[in-house]
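The values are calculated or read from the model by the stated rules, or taken from the named source; none is laboratory data. Computed from a predicted model, the values in this text were never measured in an experiment. Cβ placement follows ideal geometry from the backbone for every residue including glycine, while neighbour counts extend to all protein chains displayed. Protein only, heavy atoms only, side chains kept; ligands, DNA and RNA dropped before computing areas. Shrake-Rupley method; radii C 1.70, N 1.55, O 1.52, S 1.80 Å.
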Amino acid sequence: MEKRELRLMKGNEALAEAAIRAGADAYFGYPITPQTEVIEYLFETDCTARTGMAVLQAESEVSAINMVYGCAATGHRVLTSTSSPGFSLMAEGISYIAGAELPCLLINVSRGGPGLGTIQPSQADYFQTVKGCGHGDYKLLTLAPSSVQEMADFVALGFDLAFKYRNPVCILSDGSLGQMMEKVYLPEQRPRLTEYPDWATNGTPKGKERRFITSLNLLPQQHELVNIRLQEKYRRMEQEEVRYETIMCDDAEYVIVAFGIIARIAQKSVELLRAKGIKVGLFRPITLYPFPMNQITELAENPRIKGFTSVELNAGQMIEDIRLAVEGRKPVGFFGRLGGMVPTPEEIENAIIKQFDL
């Protein structure tokens with residue numbers, strides 16, 4: 001049985017420590033609030049001396065993502081972290097990485113926008129992340145933690161999924177989770193890679209075919225085949241990698257759908273509503289892509305369910321995927337706060353009561 005070390009840590013620090021213990025080979029990033037503790041922790045703990053992991057502060061987010069691209073092409077475990085404006089700057093490089101079918105881990109500790117906005121938490125990067133923040137038809141397998149423990153746990157999981165599908169994986173967090181402190185059980189140290197995939201560009205022995213990694217295909221017939229292969233891969237993700245959590249949904253008449261930090265607040269709202277005799281449950285998507293479409297559709301087909309409410313720290317983004325899943329079978333309401341404002345459980349409670357006239 002694996003021995004896990006108990007610590008009290010910030011979410012960003014727990015993620016950084018988990019990256020070291022996941023056997024990461026390299027980190028390239030650039031400081032931006034509220035995720036700067038990730039790169040600070042890696043430097044302060046001297047992870048290079050501990051495991052040989054390379055850590056470099058790049059000149060910019062654009063430089064960082066292209067360093068990730070190069071390192072991923074050699075088959076190494078590599079990650080970067082940033083916050084919303086920095087993620088936007090990385091968009092072109094992320095599209096190249098997805099097009100070249102390379103594994104890497106991307107961390108977005110999101111903050112309020114648009115523009116420079118605020119350093120306070122937000123979930124307004126949902127569209128940007130799950131719909132493809134760069135150009136072209138590609139997808140990021142996206143994990144949404146709701147605790148410091150999951151900030152740590154999703155690092156090794158993210159690397160495993162990235163290599164399984166040869167695809168970038170994103171952990172979409174937020175400023176609250178990045179800065180808050182909780183107890184966390186850290187995993188044992190994984191060894192760094194010593195053998196690399198046969199597609200990696202880490203040297204070709206004499207007499208063997210050279211390896212090329214690129215996202216460029218000038219012949220449309222060839223590039224269509226590449227895109228068809230990518231879409232087949234995404235369909236496999238949708239079949240095999242959907243993750244979600246349900247709380248008090250077995251007898252629920254109304255369902256709150258929420259992810260990340262807001263799901264924790266909404267869980268308290270469920271308890272408050274239940275105390276008033278209103279049967280409410282919570283559905284928490286853990287993978288934002290692939291989104292748990294079929295599971296929400298099943299709830300919508302249940303005659304006991306009277307309606308859904310999407311609760312988000314934005315103007316309403318995930319609600320579009322919920323509506324696609326519900327397909328008009330039941331009403332779908334929305335409650336959100338903007339600009340870095342985080343609602344109280346009572347605000348969510350009152351919104352549910354008002355929306356369904358309870």
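Just need a number here: residues in region 181-218 that are open to solvent by less than 90 Å² (accessible area, probe 1.4 Å) and hydrophobic (A, V, I, L, M, F, W, C).
Summing the residues that are open to solvent by less than 90 Å² (accessible area, probe 1.4 Å) and hydrophobic (A, V, I, L, M, F, W, C) in region 181-218 gives 6.
Yes or no: residue 241 more than 23 Å from the chain's Cα centre (by Cα), at pLDDT 95 or above and either under 17 Å from residue 139 (Cβ atoms) or not hydroxyl-bearing (Ser, Thr, Tyr) (or both)?
Considered against the rule, which asks whether it is more than 23 Å from the chain's Cα centre (by Cα), at pLDDT 95 or above and either under 17 Å from residue 139 (Cβ atoms) or not hydroxyl-bearing (Ser, Thr, Tyr) (or both), residue 241 comes out as no.
Run down 339, 333, 328 and say which single residue is free of Cβ contacts under 8 Å to residues at least 12 places away in the same chain and farther than 19 Å from residue 275 by Cβ.
328
Any residue in region 107-114 that is of a type in the set (A, V, I, L, M, F, W, C) and open to solvent by less than 30 Å² (accessible area, probe 1.4 Å)?
Checked region 107-114: at least one residue is of a type in the set (A, V, I, L, M, F, W, C) and open to solvent by less than 30 Å² (accessible area, probe 1.4 Å).
For region 130-169, enumerate the residues that are open to solvent by 40 Å² or more (accessible area, probe 1.4 Å), modelled with pLDDT of 95 or more and touching a Gly at 6+ places or on another chain (Cβ under 7 Å).
The one that is open to solvent by 40 Å² or more (accessible area, probe 1.4 Å), modelled with pLDDT of 95 or more and touching a Gly at 6+ places or on another chain (Cβ under 7 Å): 139.
Assuming residue 249 fulfils every condition listed in (1) within 22 Å of residue 323 (Cβ to Cβ); (2) assigned by TED's automatic domain parsing to the domain that holds residue 180 apart from one, which condition is it?
(2)
Table: residues versus (1) outside the structural domain of residue 47 (by TED's automatic domain parsing); (2) over 25 Å from residue 40 (Cβ atoms).
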| site | (1), (2) |
| --- | --- |
| 155 | no, no |
| 165 | no, yes |
| 171 | no, no |
| 210 | yes, yes |
| 213 | yes, yes |
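Just the residues that are part of a helix (DSSP H, G or I) and open to solvent by less than 50 Å² (accessible area, probe 1.4 Å), please, taken from region 219-244.
Across region 219-244, the qualifying residues are 226, 227, 230, 233, 234, 237.
Find all pairs meeting these conditions: Cβ atoms under 8 angstrom apart; at least six residues apart or on different chains; first residue within region 5-23 and free of Cβ contacts under 8 Å to residues at least 24 places away in the same chain; second residue among the small types (Gly, Ala, Ser).
Short answer, once both residue conditions are applied: none.
Is it the case, given these coordinates, that residue 62 is within 21 Å of residue 193 (Cα to Cα) and in contact with a Gly (Cβ under 9 Å, 6 or more places away or on another chain)?
So residue 62 fails the test.
Looking at region 51-64, can you tell me whether even one residue there is open to solvent by 30 Å² or more (accessible area, probe 1.4 Å), touching a strand residue (DSSP E or B) at 6+ places or on another chain (Cβ under 9 Å) and of a type in the set (Val, Ile, Thr)?
For region 51-64, residues open to solvent by 30 Å² or more (accessible area, probe 1.4 Å), touching a strand residue (DSSP E or B) at 6+ places or on another chain (Cβ under 9 Å) and of a type in the set (Val, Ile, Thr): absent.
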